[in-house]
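The values are calculated or read from the model by the stated rules, or taken from the named source; none is laboratory data. Small disclaimer: the values here were computed from a predicted structure and weren't measured. In this analysis, Cβ positions are derived from the backbone assuming ideal geometry, glycine residues included, and neighbour counts consider all displayed protein chains.
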Amino acid sequence: MKTLLALLVCIPLVFFTVGCQPTQAAPVNAMQAFLTAFTTKDENTLIGLTCKEWQDQALLEYDSFGNVTTELKDVTCKLTGQSTNAQGEAVYSVNCTGAISASYNGELRTFDLGKRVYQVVDRGGSLQICGY
């Protein structure tokens, strides 16, 4: 009887916990995919992860790294906030630590990712990076 009672209590708790994780992990995963596309020069993926209103700025930054070798260094991202915009869309604030390392003519430069808090917007189930 104790085992049955434990199962009846634990099973819903497990489903609740599992159900909550993707909501928090999804914006972080989208942000990490965006940074990976940025540094691996995957323009199609970058565009697919960027909202229309921020696409020009994202591509401008993307192009500025076009002729250099880039890689992510010790990057971790975390969800730091959530709100709702005027259109009723969920807006997630995601902050990353680590850097983008870029080689300019043999000179290595790093760009600290911790200086920006990115805005990830849920557009009908599609998470898009819409600025910082």
Region 92-107 residues that are at positive phi, paired with ones that are at pLDDT 90 or above (beta carbon under 7 Å, 6 or more apart): Gly98/Leu72; Gly98/Lys73; Gly98/Asp74; Gly98/Val75; Gly98/Thr76; Gly98/Leu113
Test: Ser83 is modelled with pLDDT of 95 or more, over 13 Å from the mean Cα position of the chain (by Cα), surrounded by 10 or more Cβ atoms within 10 Å (Cβ to Cβ) and among the hydroxyl-bearing types (Ser, Thr, Tyr): yes
Hits in region 43-66 - residues which are in a loop (DSSP other than H, G, I, E, B) and at pLDDT 95 or above: Leu49, Cys51
Of the criteria (1) in contact with an Asp or Glu (Cβ under 6 Å, 6 or more places away or on another chain); (2) of a type outside the set (Lys, Arg); (3) at pLDDT below 95, which one Ala90 fails: (3)
Count - residues of region 86-99 that are exposed (fewer than 14 other Cβ atoms within 10 Å of the Cβ) and not in a strand (DSSP E or B): 3
Test result for Ala33, of a type in the set (Gly, Ala, Ser), closer than 23 Å to Gly124 by Cα, in contact with a strand residue (DSSP E or B) (Cβ under 8 Å, 6 or more places away or on another chain) and modelled with pLDDT of 50 or more: no
Qualifying position, being closer than 19 Å to Tyr132 by Cβ, modelled with pLDDT of 90 or more and not aromatic (Phe, Trp, Tyr), among Thr40, Thr110, Thr69: Thr110
Candidate set from region 100-130 (those that are within 15 Å of the chain's Cα centre (by Cα) and among the polar types (S, T, N, Q)); member that is surrounded by the fewest Cβ atoms within 10 Å (Cβ to Cβ): Ser126
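Would you check if there is a residue in region 101-111 being assigned to a strand (DSSP E or B), in contact with a Leu (Cβ under 9 Å, 6 or more places away or on another chain) and over 18 Å from Cys51 (Cβ atoms)?
Within region 101-111, one or more residues are assigned to a strand (DSSP E or B), in contact with a Leu (Cβ under 9 Å, 6 or more places away or on another chain) and over 18 Å from Cys51 (Cβ atoms).
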